[in-house]
Structures are given as structure tokens and as C-alpha cells.
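Report on the structure given below.
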Amino acid sequence: MASAAMSASIASRIAPRAARRPRPRQRRPISRRVSTVALESAGFDLMAKGKDRKYYMVGGKGGVGKTSLSSSLAVKFATAGHHTLLVSTDPAHSLSDSLAQDVTGGLPVAVEGTDGMMYAMEVDPDQAKAEFTAFAKQADVSAGAKDFMSSVGLGGLADQLGDLKLGELLDTPPPGLDEGIAIAKVVQFIKDEKYAKFTRIVFDTAPTGHTLRLLSLPDFLDASIGKIVRLRQKLTSAGDAVKSLFGVADEAQDEAVAKLERLKAQLQEVKDLFRDEDTTEFVIVTIPTVLGISESGRLLAELRKERVPARRLVVNQIINVTGEGFKERKETLAVKEAVLREALEKVVGDTNKVMEDTDDEGDAATLALDELLAASSAVVHDAQTAVSFCTVKARDQRRAMEMLDADAGLRTLKRIEAPLFDMEIRGVPALQFMGGQVWTD
């Protein structure tokens, strides 16, 4: 009974005092500022407009989220009514992980949860490269053949053939050739009537360096074909007896030249596709760091040098938690805690004068308050740590974003700001959510 009476007394004394104390003045909300320009929509309505086939190459440096963004774009196209094909040509495939479904094997696989509107595939660039180098041994000159040619007075010809280093050329093709062949294969088979239904094709490309180098591959293959042609001419002039030493007949040489000529034509078609402003767009993906934006600037410069159309820049993983108002709310909480402690001490003191036998109950109430405030302080400390981290990261990101406005090329692109999500984007439902946040109309 005494305890109940004391609790009622405390409540009756604190309530009027709290009611009389004026509330702290509320501050006006501060508007957030992520960058120096107004946020733009992605213009997805224009990307989805029309039923003519269009290609979207999603590229950038490694680790910026190209796979998630290309997957979410493909899902958005499928949701908008386009039969969509999503292709990964990145040697380090993660498309199956992004879709939460196995799409390996080099052929289109229907993506679950899209009602048959979307297919995806991972192309193996290593396999494509292996096909290119398969005939290197047929076209090279062995050491034994060189020795024999020297013994019969044809050492000069042997040295010239050795200088061509054709086998080394084909065994160690340049970076980007694997992805170029992979894209060429995709372009070839989607010409088939059974794949004519695809009106949107999205490529999840390899990191920046591979993409840039594949644009120069037709020139490289011109040089390669020239070497093989010169090799064939030298062998022909040496006579049938010398040719037989290499095991290289006219047919083998013709096959080698024809194979490279076909590959060159396919890669030239890829290069022409990259440059077609009516059907193709290269979407650059970056993150708000100095390194990421610097590389994106170089990528855009190279794309424009090669006349590849690029109109959009996605800045991914932006932290939208700024911690604004946290300090003020923390100070307000401290004031309220001090008021509560003062009120409780006053009530307990007044009560003890009337009821000397309630000292223990008063001490218990004070102890409970101390424990409550200690727990509150621990929560505030953890929150302060999280807020401080996010605030510092957001400040760094804003500094990096200022580089976009200073870059003469990047500032001309339509900027799309994609947030850092608090969950892993994996599977069609998550990709639909991401697409709704990023690829806006």
C-alpha cells in the first residue's frame, strides 16, 4: 500500500510540473543537398519507347554495381512489355547470383518471375578465345622446320617466318578480344528468327579496360590477317617441298585466313553496333568516389573518341542518411533527462519527510532512473557512431559529386542517382524494387 501511495504521489507531482515547463522550440527542417544540380529522372519512358530492337551496354570500373543495375534495367524493360534479353560478357560472371537463378551455358534461359518476358545468359569469353587460338599451331613454324630449312640453304626464309611470331600472337591475344568475340557471337545468333522477339537487349559488360580495348580489335585483326597472308605467300614461294615440312597445306592456310576474316567482320559489326546512335546506348556506371568518377571521365572521353553514344551516367551507392537534426535531438533528450532526474529527486525528498519508512523505496526509484538513463545513453552512443560514419561518408560523396559538375564531359550526361540500399539486391522481386527506385520515367 505504501508503495502504491508513493507512486501515485510521484505521478501527481511530476505531471503538473512537466505541464508547466515550456516545450523546446522546434527547428525548421533543413533541405537535403546531395549534389549541386537538381536530381533528374532516368528518362525510362524514352528508353522503353518503341518496339524496334535497341541495345543497352552497361559498363564502368569493377565493383560499381554494373550487374545489379543492368539486371534491374532488364527487369524494368520486361515489366514494361518488352521481350528482353540480358547478357553477361564479364569473365567474372555474377549474373546468376544477381538473378538467383542459373543462367550459365551460353544460351538464353527464361528468368523466373517475369512471365516469359525476360531471358538471360552468361557467355563464356574464355571458350570464345579458345576457338580463336585453336589453329595457332597449324599456322606456326616449328623449330625443327627452321633447322632443316637452314641446312638446305633457306635459313633466311626461316628467320623471316620466325619473325612473324604468329603462334605467339594467337596464343596471347590482346585483352578485350574474349569479350569482343562473346558479344559478336550474341549478335550473330540473335539474328535467328527464333530470337527476333527480343526488342531490348541489355549487356552487362566487363570492366572499363576490356570494353575500350575491344573497340580497337578490328585494327588488330587487320594486322593479324596480314601476317598470315605474308606467311602463306612465303610458303608458296618456297615450293611444295618446303610447305610439306610444316604440315601446312594451302587449304589450311586458306582456312586460317578465312576464319580470321570472318571474325574480323563480326567484330567490325560489333564496333558498328556500338556506334549506332539510333539503336545503341552505353550507360556509364560509377560510384561517388574520386577514383570512380575520375575513371568514368576517362571512359566517356574514350567512348566519344570512338563515337560510341553515351547519354546517361548512373551514380550508384549514394548514402542518403545525413544525420541532420541528430545533434539537436540528442541535446533535447539530455535536457529532458535532467528535468526528469530533478523532478524525481524533489518528489522523493518531499515524500521522505512525510514517510520516513520509504527510504528504500526512494532509493529503488532513483536506481531505476539511473539504469534507464544509462541504457538510454548506450543507445545514443551507438546511434552517434552510426550517424557519424554515415555523415562522414556522405560528406566525402558530396565532395566527389562536385567533380561531376567540374568535368566538361560528365556534366553533359543525364545523371541518375541510385541509393545505397539497406538490403542485398538479389532475385527478381528485389530487382523490381531497385528498378522502381533507379530507372524512373
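A few notes on this one:
- Packing, taken as the mean count of other beta carbons within 10 Å per residue, orders the peptides 65-78, 42-55, 329-342 from highest to lowest as 65-78, 42-55, 329-342.
- Isotropically averaged projected area of region 295-347, using the convex hull of Cα atoms (one quarter of hull area), nm²: 5.8 nm²
- Region 53-125 - accessible surface per residue (Å², probe 1.4 Å): 31 Å²
The values are calculated or read from the model by the stated rules, or taken from the named source; none is laboratory data. From a predicted model like this one, the values you see are computed outputs, not experimental measurements. All Cβ positions, glycine included, derive from the backbone under ideal geometry; neighbour counts span all protein chains shown. Side chains are part of the model used for accessible areas, which takes the heavy atoms of the whole protein and leaves out ligands, DNA and RNA. Shrake-Rupley method; radii C 1.70, N 1.55, O 1.52, S 1.80 Å.
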